[in-house]
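Everything below concerns the one structure shown next.
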Amino acid sequence: MIYDMAVDSTGDVYVAGLTRSSDFPIVSADDDSYGGNGDGFIARFDETLSSLERSTYFGGGGEDIIKGIVISGDDLYVSGYTKSSDLNDTTGAYLDSHSGTSKKDAFLAKFDKDLSTDDLDIATYYGAAANDEDAIALDLDSSGNVYTVINDSTDQDIELLKFNSGLTSLS
């Protein structure tokens, strides 16, 4: 299921969402292993939409859904929610671990837009143990700061957050 799309400055088209398929067409991927229970995915097509150039899974052992995608220069950011406690490349992130429950934590991740091997730069969690959080919107400002809207379905709250471009701190 596709949740969002973006077009880069060269005309390449990126789509992101959720797959429950262990045989999703993976091309020169950062992550070529299906984690089970549903993984996020990112796919890049050429400007004519006739060629799948790159695609990758994103997630861990729990359910992971990408709901937002934004491109700026050579950077690609995604957001959504995860039930996985084992996301890759969280070292140095704002929050480097899941809240520790079966609840959903929001996440943001930064990739090199090429999406080839080892292009996941960093991923951060955002959540509290008693709540279900989901990053439902994503955008960047001209300084590279990352904005997201967090939906907390447990408390019925909405939060607007601003992260630095490295996803290491809230601004």
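The values are calculated or read from the model by the stated rules, or taken from the named source; none is laboratory data. Being a predicted model, the structure only gives us computed values, none of them experimental. With ideal geometry, Cβ positions are generated from the backbone for all residues, glycine too; neighbour counts draw on all protein chains shown. Just so you know, the surface numbers come from the protein's heavy atoms only, side chains and all, with ligands and any DNA or RNA stripped out. Shrake-Rupley method; radii C 1.70, N 1.55, O 1.52, S 1.80 Å.
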**Request:** Over segment 23-106, with every protein chain in place, what whole percent of the accessible area is carbon and sulfur at 1.4 Å, could you tell me?
**Result:** 39
**Fill in**
Sorted largest first, the C-alpha extents of segment 1-70 along its principal axes in whole angstrom are 34, 21, 17
**Request:** Calculate the tail of P(r) for segment 1-125: the fraction of all Cα-Cα distances greater than 23 Å, expressed in %.
**Result:** 22
**Fill in**
Quick calc of log₁₀ I(q)/I(0), segment 131-171, Debye, one scatterer on every Cα, no solvent, q values 0.33 1/Å, result -1.05
**Request:** Could you list the trypsin sites (Lys or Arg not before Pro) in segment 1-86 that lie in coil according to DSSP, counting only those with at most 15 other Cβ atoms within 10 Å of their Cβ?
**Result:** ARG20
**Asked** Using a 1.4 Å probe, what is the accessible area per residue for segment 44-171, in Å²?
**Response** 42
